[in-house]
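The values are calculated or read from the model by the stated rules, or taken from the named source; none is laboratory data. Computed from a predicted model, the values in this text were never measured in an experiment. Backbone-built Cβ (ideal geometry, glycine too); neighbour counts: all protein chains shown.
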Amino acid sequence: MDNTGPQVFTGNANPGLAKEIADYVGVPVGQATVTSFPNGETFVKINENIRGRDVYIVQPTAPPTNQNLMELLIMIDAARRASAMRITAVMPFYGYARQDRKDQPRVPITAKLVANLLTAAGANRILCMDLHAQQIQGFFDIPVDHLYAAPVIYRYLSTLKLDNLITVSPDVGGIKQTSAYSQLLHTGLAIVAKRRTSATSVDSQYLVGEVDGKDVLMVDDLTETAGTLTAAAKLLKEHGARRIFAAVSHALLTDMAAERLQNSAIDELITTNSTVVRQIPGFKLTVLSVANILGEAIKRINGGESVSSLFDINGKGEKV
């Protein structure tokens with residue numbers, strides 16, 4: 001048996017993605033029991049020898065966020081106590097990422113707290129994708145490999161017949177990410193300014209840019225209730241947009257999101273399997289796999305190689 005190769009384990013958050021990653025790496029998913037006691041406490045047992053091994057635990061902390069986070073922490077602790085050589089938490093989606101700053105009195109910085117918990121549990125490295133705020137990498141005192149879904153989304157977009165395309169940020173906060181897509185796709189850039197009226201609703205106020213007669217690509221890192229996307233799409237349609245596509249890295253779609261998307265002006269939502277994505281009847285939802293890019297990162301980390309070439313979008317040297 002090769003004792004230098006990676007071992008891939010998974011909790012209950014996204015076992016399908018973990019299986020795809022393990023297949024790409026060329027190893028089976030490690031045997032582990034991850035269940036709950038009747039009182040709700042999580043029980044973990046790793047059912048194979050990992051002493052001195054390079055262990056990767058695939059567990060996006062998507063809803064149910066607290067349950068999945070506790071599973072991850074307990075799996076890390078179990079691996080540490082089983083004498084794993086190195087433990088990497090593979091978090092395609094990092095829960096609590098939006099609580100990354102103290103923007104009002106007497107509130108926590110929970111993204112930092114989660115970083116502390118992961119480190120205290122015994123993680124030696126973090127592998128994540130499309131963090132809501134890149135400064136979260138600085139919350140860790142251990143190495144963080146931050147990947148992007150953009151190469152996967154770009155390859156899909158290149159198969160579509162997009163005419164006279166313009167890239168749109170559905171809110172001011174997403175300008176940097178949208179600008180990167182705009183440069184990559186060689187398109188113009190527009191911005192929708194919004195005012196958030198509650199945690200689940202927004203009011204899109206005005207549009208900066210010209211979308212009349214154009215295909216539109218809205219770009220965002222995350223959607224839950226789809227309020228920002230659908231409100232922006234309505235405004236774009238009122239300004240003459242032809243077809244409207246939305247590309248988001250993480251789609252945590254609630255019942256409210258499903259209803260909004262079904263009744264929206266969005267023609268297609270493009271996302272990834274960083275989390276388990278629900279299907280929406282009567283709405284075109286395309287889910288792209290990020291297993292290969294995560295699997296390649298695992299192979300390179302295990303082999304002590306650089307992961308920077310994974311930022312190459314289209315094989316032409318253009319980086320995220």
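Below, the figures for the structure above:
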quantity	calculated
Residue within the stretch 157-172 that is of a type in the set (Asp, Glu) and buried (at least 20 other Cβ atoms within 10 Å of the Cβ) present	yes
For Asn124: the one exception among (1) of a type outside the set (A, V, I, L, M); (2) touching a residue at least 12 places away in the same chain (Cβ under 8 Å); (3) within 28 Å of Lys284 (Cα to Cα)	(3)
Candidate set from the stretch 110-132 (those that are hydrophobic (A, V, I, L, M, F, W, C) and surrounded by fewer than 18 Cβ atoms within 10 Å (Cβ to Cβ)); member that is farthest from Val55 (Cα to Cα)	Leu113
Residues within the stretch 271-304 that are assigned by TED's automatic domain parsing to the domain that holds Pro92 and on the phi > 0 side of the Ramachandran plot, tallied	1
Number of positions in the stretch 178-193 that are among the small types (Gly, Ala, Ser) and either part of a helix (DSSP H, G or I) or surrounded by 21 or more Cβ atoms within 10 Å (Cβ to Cβ) (or both)	4
Close pairs from the stretch 133-156: first closer than 28 Å to Ala246 by Cβ, partner small (Gly, Ala, Ser) and in a strand (DSSP E or B), Cβ under 7 Å, at least 6 apart	Ala149/Ser249; Ile153/Ala247
Search result, residues across the stretch 137-185 that are in contact with a Phe, Trp or Tyr (Cβ under 7 Å, 6 or more places away or on another chain) and over 24 Å from Asn292 (Cα atoms)	Thr167
Some residue of the stretch 227-245 being within 30 Å of Ile57 (Cα to Cα) and either in the same structural domain as Gln183 (by TED's automatic domain parsing) or at pLDDT 95 or above (or both)	no
All positions within the stretch 1-55 that are basic (Lys, Arg), surrounded by fewer than 13 Cβ atoms within 10 Å (Cβ to Cβ) and not in a strand (DSSP E or B)	Arg51
Of all residues in the stretch 203-243 being closer than 20 Å to Ser158 by Cα, of a type in the set (D, E, K, R) and within 18 Å of the chain's Cα centre (by Cα), the one that is surrounded by the most Cβ atoms within 10 Å (Cβ to Cβ)	Asp220
Filter result for Thr61 (within 19 Å of the chain's Cα centre (by Cα), surrounded by fewer than 19 Cβ atoms within 10 Å (Cβ to Cβ) and closer than 21 Å to Val144 by Cα)	no
